[in-house]
Amino acid sequence: MSSHIITPGPYRATKLWNEVTRLFRAGMPLRKHRQNFRHYSSCFTASAAVEWLHQLLRSNSNFGPDVTRQQTVQLLKKFLKNHVIEDVKGRWGTEDLEDNNLLYRFPSTSPLKPIPCPAPTSSAIKKRPSFRDKEGFFKFRSIKKHEKESLENVDPALQVQHEGENQPLEEQQAQRRELTVEDEQDIWRDITLTHLQRILGVASLYEVLDQRCVNPQNIIHNMTKVNKHGVVTLDDKSNDLPHWVLSAMKSLANWPKYDSAQPSYPGFERDVFKTVSDYFYSLPQPLLTYELYELFINVLGVLQPQCERVAIEALQLCTLLLPPASRRKLQLLMRMMSRISQNVDMPRLHPAIGTRTLMVHTFSGCVLGSAEECDLDELLATRLVSFLMDHQQSILSVPEYLLSAISDHIQYLRTVQVPIDSVDGGDPVCAPMPIYAFCHQISSAEFEEQKLASSQKAMEDLLEILLTDQNISEKDRRKRLKQFQKQYPDIYRRRFPSSDKVTKTDNKPKIKPPLLNIKKTKAFSIRN
């Protein structure tokens, strides 16, 4: 029975539903059963289905080992409601299912949900223009096709020089415009979404994210307004957690080191825990918001054991899109959950469920959820919250590489807009922005050929350095040249063609003269 990872893309939740349905129908053992003095063939008990499906979900990398038996029962209830299964009398929809020995079977009709067709291009959401697309910001003279191709992958500094030499002075001066606040916000949004698209590996983020919901001010706030612990600070304190909730969360996170003024009685920690959970479930929407539900569902496509670092980076960027108040609540909640689950001194908060499992299943519903009921909401939320809790320190920190990239880009744009003196001392001109273009895809054979040529060129340059560097002594130069000749004989031979003949001559074995032909030297004698 084969399963595969449902990669990021549109309608991923529906694809996951169809995948689980396919695996369940293909692998669930069927046999003959007796019920109420009647025999039914090709059926199964509810308990057997729960046991088999529970093992499937736990071993499936799309869901993970945190799936509980009760969640499996809930999924089977949804299977019965959506006619994936039916009881042996053909009833489904309004019937209920429990973990017992009642008999069920598969219907003859296909239970797979249809994947909606993508909207036509003409009716698709139009891409919001970035700061680079705005008229008047970067106006270039017309460049021929072959000139555009020649500027691809060229150092921006060389492009600036190239454009500055060939552009009329009047046109250069007409390009002068300072960055506005809106321009900078567009930069924050565009660079963040570009990195996110690269990580998810999707052709376009429009497949998984309504970009009208992306507020660049949220990204800026979440990355720049944080305290020394990395937690977001809010300008409007009315959106923060109430004081009594913060106090309760601190009490649980630091148990048993809590304020002595608080009451203490058996079961006190359970009451505090229920108070915190009730507050988070009273919020109008989940912490990850309804608008970003589809995006976080798609991040689960890269949440695999071998791609842990990629999943952390993807969630880093996704959580930056949250409203600051939601991100702050998420940070504080995940820190509390992580500390409680690792605290060996914390009394059991549930008589039958472990502390870590209780944390995940208690708060998964208030962290991730869709505006409309989704059949796999609970399972997907459990998978995501479990990973968030285990890696909260990395995921909910500010990605320094992204902050540096955005800051450097804004600083660069400000630099090229500053007037610079012309060569002949005339009026100042403004350096235009470099042209950025996508690389052309090449074949594997071309890649290998370019790789070989590039490496050989690098070795040839190294040989020239060894020959011309004045800081190397002659003794070291000869030693390094011999090493280079031994390791790269072909490159050395091309540089010194005559050395091949010398080497071949030197390598010939020397023929020693026969011993009998050696003339004896005359012995020195006093008589002679």
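Which FRET efficiency, nearest 0.05, do LEU246 and GLU308 yield, Cβ-Cβ r, R0 35 Å? E(calc), rounded to 0.05, equals 0.65. With both labels modelled 7 Å from their Cα along Cα-to-Cβ, the THR7 to SER455 distance reads 2.8 nm. Computed extension length for LEU179-LYS89: 25.3 nm, one decimal, from 0.36 nm per residue of separation with the Cα-Cα distance subtracted.
With 0.36 nm allotted per residue and the present C-alpha distance subtracted, the SER61-MET28 stretch has 10.0 nm of extension available. Between TYR265 and VAL344, the FRET efficiency from the beta-carbon distance, with R0 = 25 Å, is close to 0.70.
Scanning residues 5 or more positions from VAL226 or on other chains, those with amide H under 5 Å from its amide H are THR233, with H placed 1.01 Å from N in the peptide plane. Taking a point 7 Å out from the Cα of ILE410 in the direction of its Cβ, the residues of the range 186-218 whose backbone N falls within less than 11 Å of it are 186-189, 217.
Largest first, the residues LYS228, LYS274 sort by 1.4 Å accessible area into LYS228, LYS274.
Are any of the pairs LYS78/LYS250; LYS77/LYS329; LYS15/LYS237; LYS15/LYS250; LYS77/LYS274; LYS89/LYS113 more than 30 Å apart by Cα-Cα distance, and if so, which? Violating the 30 Å Cα-Cα cut-off are LYS78/LYS250; LYS77/LYS329; LYS15/LYS237; LYS15/LYS250.
Rounded, prolate or oblate: which one fits the range 12-105, using the alpha carbon gyration tensor with axes a ≥ b ≥ c (rounded when a/c is under 1.5, else prolate when a/b beats b/c, else oblate)?
Verdict is prolate for the range 12-105.
The values are calculated or read from the model by the stated rules, or taken from the named source; none is laboratory data. As the structure is a computational prediction, the values presented were derived from the model and not from experiment. Methodologically, a virtual Cβ is constructed for each residue, glycine included, from the backbone with ideal geometry; neighbour enumeration extends over all protein chains shown. For accessibility, only protein heavy atoms count, side chains too; no ligands or nucleic acids. Shrake-Rupley method; radii C 1.70, N 1.55, O 1.52, S 1.80 Å.
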